[in-house]
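Asker: I have a structure I would like to understand better, so I am pasting it below and will then ask my questions one at a time.
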Amino acid sequence: MLSMQQIAKVYRTDTVETHALRELTLTVDEGDFVAVTGPSGSGKTTFLNIAGLLETFSSGTYMLDGRDVSNLNDSARSKLRNEKIGFIFQSFNLIPDLNIFDNVDVPLRYRGFKSAERKARIEKYLDVVGLSGRMKHLPSQLSGGQQQRVAIARALAGEPRFLLADEPTGNLDSAMARSVMGLLKEINEEGTTIVMVTHDPTLANEAKTNIHLKDGVVSETASISQLGNGKQNAA
Amino acid sequence: MEFGPILRAMTRNKTGAILIALQIAFTMTIMINAIHIIEERNDAMARPSGLDEANLFYLTSTGFADDFNEQQQIEEDLRQIRALSGVVNAVQINAIPLSGGGWSMGLSTEPGADADGTGVAVYFVDEHGIDTFGVEQVAGENFDITDVGWRERTDTEWPDKTILTVAMATEMFPDDPMSAVGKTVYINDTEPMTVIGLIKTLQAPWNGWSGVERSMLVPQKMLFGSARYLIRTEPGARDTLMPQVEEMLAASNRGRIIRSMRSLEETRERSYRGDRSMTLMLKIVVGILTAVTALGIVGLASFAVNRRTRQIGTRRALGASKGDIMRYFLVENFMITTMGVVLGAIMTVIFNIMLVDSLSLPPLNVWYIPAAVLVMWAVGFLAVSGPARRASNVPPAVATRTA
Ligand SMILES: Nc1ncnc2c1ncn2[C@@H]1O[C@H](COP(=O)(O)OP(=O)(O)OP(=O)(O)O)[C@@H](O)[C@H]1O
Ligand SMILES: [Mg+2]
């Protein structure tokens with residue numbers, strides 16, 4: 001479903017070259033729930049950005065849904081992001097000037113859906129995240145956990161194959177983090193493939209697969225389900 | 001296009017947008033009314049004086065010697081000037097069109113002090129006047145040499161013939177101006193003059209006067225102490241003839257001085273100097289205002305782009321193409337500009353009504369308003385296109401890389 005072969009990413013500035021990813025090779029299967037862990041600076045966000053077509057890479061091949069996406073132009077990448085990928089960000093990234101309804105509407109408008117279709121989807125997914133009563137609220141009028149739920153509704157509304165999340169619970173207290181994690185698991189049960197970067201080992205353990213990055217390469221992979229006990233940490 | 005969300009987002013940050021819209025409205029109001037004034041001045045400057053301006057010049061001869069015989073000298077001067085090669089014709093005259101100084105009288109169709117006189121500029125000329133001006137005679141006839149007499153400074157009597165401009169005839173005989181020929185008009189309340197001819201156009205000396213086309217010719221030469229000669233040359237001969245005539249006259253009688261020599265082109269230039277500097281100033285004001293407005297739009301849009309960098313990255317991550325981001329800022333600016341021009345159109349009309357009332361300017365041509373709307377839209381579009389392009393180049397990775 002998502003397959004990276006020897007992906008390297010080098011950031012060049014005038015003085016330094018940073019090898020954020022070195023020959024990273026990994027595969028994510030359809031329906032999986034992957035938790036990516038690793039120390040700060042190990043390349044987790046870089047990996048996620050490349051997976052989500054937010055950034056290009058220096059070398060290697062990337063197959064997304066059976067298609068080589070290494071050499072797509074900017075607008076083709078935008079279209080793929082819009083149709084196949086949902087993003088969830090650590091700091092929610094809701095648009096502060098738009099109410100909840102309009103926020104969830106953003107990717108749907110870029111998709112070119114008609115207004116009735118958009119409205120139906122917005123209502124459906126705000127209901128999924130339990131916020132259908134808050135459509136006219138501004139983001140600043142919601143708690144962090146609620147804001148992240150709105151962001152999840154926004155990511156889901158386009159009904160993407162992948163959900164990519166960079167520390168989605170990083171700005172939430174543990175209770176809110178739990179409920180967001182619960183929501184993600186439900187979504188995964190429904191069939192959406194999820195890749196989530198996290199610092200929290202407990203949350204990582206609840207995923208189906210754990211990938212540990214170190215210095216831009218995969219240092220360990222463990223399929224928690226294969227170990228038979230979801231509570232055990234593979235690392 | 002996402003008009004709804006753009007408008008809703010804008011109402012949450014309205015101060016900047018409102019200020020720019022007001023600035024656009026203000027600029028548009030000033031722009032249209034200034035252009036209207038400029039056009040009106042340009043039209044005024046473009047009015048023909050009726051004269052063959054390119055080939056005319058004039059000078060003044062003032063005798064000071066005890067034995068200076070003014071009448072004899074005038075006859076002699078005119079004969080000499082007319083005989084010069086390159087001179088088409090010459091005439092003694094009291095005033096020069098466009099010069100700002102001259103005589104005016106009132107003419108009426110009925111005798112008597114209570115009859116309403118029509119103001120008119122008076123030019124004293126002999127039978128060479130019409131040919132020297134280069135004006136077109138449209139009815140009746142010219143003065144005959146026998147019509148022309150002499151006028152002393154203290155004379156109050158008027159000769160019994162006159163020639164009017166068509167504009168003057170129209171003012172006095174609105175029903176049938178051409179019928180003026182042969183009619184009697186009254187000057188100084190009761191003195192009758194017969195209109196023997198009509199000339200097409202001859203401006204009065206005062207270009208700001210509303211009756212500037214109303215002039216009359218009176219067949220007299222003047223003994224006023226100073227004699228002014230208006231001289232018409234062959235095309236291209238004026239500049240060589242000017243010093244030549246000056247020298248010839250000075251040499252022919254040492255008992256007088258020749259002064260105030262000037263071409264009619266220079267007189268026109270001086271006459272409208274104030275108007276020209278005013279229109280130039282208005283153009284500069286309009287230019288500066290437009291530039292300041294454009295800079296305001298650039299500033300507001302740049303600020304909006306910087307403030308919304310993360311939002312732009314997020315939109316890109318959610319599937320917006322570069323074009324979508326570009327379009328967002330263009331549409332947002334278009335909406336602000338449109339608010340501005342709608343307000344500007346209303347202000348323009350109100351301001352113009354005030355100008356018409358206070359400065360008695362002609363009312364505005366309504367087409368100026370849609371034209372200015374197009375101009376302001378274009379200015380807005382150009383001003384916002386830089387910041388919009390910058391916005392479209394915000395990388396999508398900003399969504400995950402900015403805290
Ligand atoms: N735009 C950039 N220019 C230069 N270097 C960069 C850029 N983005 C990331 N890096 C570098 O690439 C490396 C990997 O960064 P990345 O953000 O992927 O780490 P991370 O695993 O997400 O870390 P964290 O857990 O702190 O978020 C780091 O050394 C980082 O400094
Ligand atoms: Mg990171």
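Asker: For region B:17-53, name all the residues that are small (G, A, S) and touching a Gly at 6+ places or on another chain (Cβ under 9 Å). Before you say what the answer is, go through the steps one by one.
Answerer: Let us first name the residues in region B:17-53 that are small (G, A, S), namely B:17, B:21, B:25, B:34, B:44, B:46, B:49-50.
Residues satisfying the conditions are B:A21, B:A25, B:A44, B:G50.
Asker: Tally the residues that are loosely packed, with under 15 Cβ neighbours inside 10 Å and of a type in the set (A, V, I, L, M), restricting the search to region B:19-47.
Answerer: Final tally of qualifying residues: 4.
Asker: Output the residue which, of all residues in region A:200-212 that are under 23 Å from A:L156 (Cα atoms) and part of a loop (DSSP other than H, G, I, E, B), is farthest from ligand 1 (Cβ to nearest atom).
Answerer: Filtering region A:200-212 for residues that are under 23 Å from A:L156 (Cα atoms) and part of a loop (DSSP other than H, G, I, E, B), the one farthest from ligand 1 (Cβ to nearest atom) comes out as A:K208.
Asker: Might you check whether a residue that is out of contact with any Leu (no Cβ under 6 Å at 6 or more places or on another chain), among the small types (G, A, S), surrounded by fewer than 18 Cβ atoms within 10 Å (Cβ to Cβ) and in a helix (DSSP H, G or I) occurs anywhere in region B:280-292?
Answerer: In the first step, residues of region B:280-292 are kept if they are out of contact with any Leu (no Cβ under 6 Å at 6 or more places or on another chain); the result is B:280-292.
Still in the list and also among the small types (G, A, S): B:287, B:291.
Remaining after also requiring surrounded by fewer than 18 Cβ atoms within 10 Å (Cβ to Cβ): B:287, B:291.
Applying the additional criterion that residues be in a helix (DSSP H, G or I) yields B:287, B:291.
Checked region B:280-292: at least one residue is out of contact with any Leu (no Cβ under 6 Å at 6 or more places or on another chain), among the small types (G, A, S), surrounded by fewer than 18 Cβ atoms within 10 Å (Cβ to Cβ) and in a helix (DSSP H, G or I).
Asker: Restrict the check to region B:325-333 and report whether at least one residue is in contact with a Leu (Cβ under 9 Å, 6 or more places away or on another chain), on the phi > 0 side of the Ramachandran plot, within 14 Å of another protein chain (Cβ to nearest Cβ) and not basic (K, R).
Answerer: Taking region B:325-333 and keeping what is in contact with a Leu (Cβ under 9 Å, 6 or more places away or on another chain), we get B:332-333.
Now restrict to residues that are on the phi > 0 side of the Ramachandran plot: none.
No, that holds for no residue.
Asker: The conditions are (1) in a helix (DSSP H, G or I); (2) of a type outside the set (D, E, K, R); (3) in contact (Cβ under 8 Å) with a residue 24 or more places away in the chain, and B:V91 fails exactly one of them. Which is it?
Answerer: (1)
Asker: Of the conditions (1) among the polar types (S, T, N, Q); (2) in contact with a helix residue (DSSP H, G or I) (Cβ under 8 Å, 6 or more places away or on another chain); (3) closer than 30 Å to B:G274 by Cβ, B:N94 fails just one. Which one is it?
Answerer: (2)
Asker: Go through region B:39-69 and give me each residue that's touching a Ser or Thr at 6+ places or on another chain (Cβ under 7 Å) and aromatic (F, W, Y).
Answerer: Once the filter is applied, which keeps residues that are touching a Ser or Thr at 6+ places or on another chain (Cβ under 7 Å) and aromatic (F, W, Y), region B:39-69 yields only B:F57.
Asker: Under the condition of being away from every other protein chain (no Cβ under 13 Å) and under 22 Å from the mean Cα position of the chain (by Cα), which residue from region A:124-141 is nearest to A:T169 (Cα to Cα)?
Answerer: It comes out as A:V129.
Asker: So B:N69 fits all but one of (1) touching a residue at least 24 places away in the same chain (Cβ under 8 Å); (2) under 30 Å from B:A250 (Cβ atoms); what number is the exception?
Answerer: With respect to (1) touching a residue at least 24 places away in the same chain (Cβ under 8 Å); (2) under 30 Å from B:A250 (Cβ atoms), B:N69 is out only on (1).
Asker: Look at B:I336 and say whether it is more than 14 Å from chain A (Cβ to nearest Cβ), within 30 Å of B:F64 (Cα to Cα) and touching a residue at least 24 places away in the same chain (Cβ under 8 Å).
Answerer: Considered against the rule, which asks whether it is more than 14 Å from chain A (Cβ to nearest Cβ), within 30 Å of B:F64 (Cα to Cα) and touching a residue at least 24 places away in the same chain (Cβ under 8 Å), B:I336 comes out as no.
Asker: Whether any residue in region A:186-195 is crowded, with 19+ Cβ neighbours inside 10 Å, more than 21 Å from B:R310 (Cα to Cα) and within 16 Å of ligand 1 (Cβ to nearest atom) is what I want to check.
Answerer: yes
Asker: Which of the residues belonging to region B:37-70 are of a type in the set (A, V, I, L, M) and not in a helix (DSSP H, G or I)?
Answerer: Here is the first cut: in region B:37-70, the ones of a type in the set (A, V, I, L, M) are B:37-38, B:44-46, B:51, B:54, B:56, B:59, B:65.
Matches in region B:37-70: B:L51, B:L56, B:L59, B:A65.
Asker: Inside region B:387-403, can you point out the residues that are surrounded by fewer than 18 Cβ atoms within 10 Å (Cβ to Cβ) and either within 12 Å of chain A (Cβ to nearest Cβ) or modelled with pLDDT under 95 (or both)?
Answerer: Matches in region B:387-403: B:N393, B:P395, B:R401, B:T402, B:A403.
The values are calculated or read from the model by the stated rules, or taken from the named source; none is laboratory data. These figures come from a predicted structure and were not determined experimentally. Positions of Cβ are backbone-derived with ideal geometry, glycine not excepted, and every protein chain shown enters the neighbour counts.
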